[in-house]
Amino acid sequence: MRILKSGICFAYISLLLSCIMGCQYYQDTGMGCRWLNSGEYDKAIYYLTRAISEEPNRCEAYYWRSIAYIEKDDGEKALSDLNKAIELNPSYYEALCSRGNFYQERGEFKLALGDFNKATSLKPHYYYTYL
């Protein structure tokens with residue numbers, strides 16, 4: 001499955017913000033992304049779940065946890081997290097693209113097209129939604 005990891009630097013920004021602001025959400029999200037980048041998906045899920053428990057109304061940790069679930073072939077949990085991320089931020093480009101890819105791979109082309117059209121309207125000059 002094609003997944004959009006364009007925000008990998010979010011991990012480093014989160015760690016920096018956690019040092020500056022002392023916010024556990026950023027620290028846990030950053031650690032989750034760090035483990036995600038190294039292929040340690042269970043550890044990533046652990047930290048991202050902690051981040052979600054700290055700040056359940058922020059979309060980033062749901063998105064990153066969905067990527068870990070995708071990598072672990074746990075599609076239902078991935079879709080649940082993508083849906084939540086988009087519910088919290090309907091303009092979340094990366095989540096829309098990832099959910100579109102998810103639907104496309106399941107053969108749910110109308111749902112995929114809806115997500116890709118929305119993503120394209122958000123960033124019409126960004127190449128990813130045209131692939």
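Points to keep in mind about this one:
- Applying the criterion of being open to solvent by 20 Å² or more (accessible area, probe 1.4 Å) and of a type in the set (Ser, Thr, Tyr) to the residues of the range 120-131, the residue that is modelled with the lowest pLDDT is 130.
- Any hit, the range 112-119, residues being assigned to a helix (DSSP H, G or I), in contact with a Cys (Cβ under 6 Å, 6 or more places away or on another chain) and either open to solvent by 60 Å² or more (accessible area, probe 1.4 Å) or among the hydrophobic types (A, V, I, L, M, F, W, C) (or both): yes
- Qualifying position, being part of a helix (DSSP H, G or I), in contact with a Gly (Cβ under 9 Å, 6 or more places away or on another chain), modelled with pLDDT of 95 or more and surrounded by 13 or more Cβ atoms within 10 Å (Cβ to Cβ), among 78, 61: 61
- Within the range 31-57, tally of residues that are at pLDDT below 95, under 26 Å from residue 122 (Cα atoms) and more than 11 Å from the chain's Cα centre (by Cα): 1
- Of all residues in the range 81-106, those that are of a type in the set (S, T, N, Q) and either surrounded by 24 or more Cβ atoms within 10 Å (Cβ to Cβ) or assigned to a helix (DSSP H, G or I) (or both) total 4.
The values are calculated or read from the model by the stated rules, or taken from the named source; none is laboratory data. In this text the structure is predicted, and so the values were computed from the model without any measurement. Cβ coordinates were reconstructed from backbone atoms using ideal geometry, including for glycine residues, and neighbour counts include every protein chain displayed. Note: areas computed on protein heavy atoms with side chains; ligands, DNA, RNA excluded. Shrake-Rupley method; radii C 1.70, N 1.55, O 1.52, S 1.80 Å.
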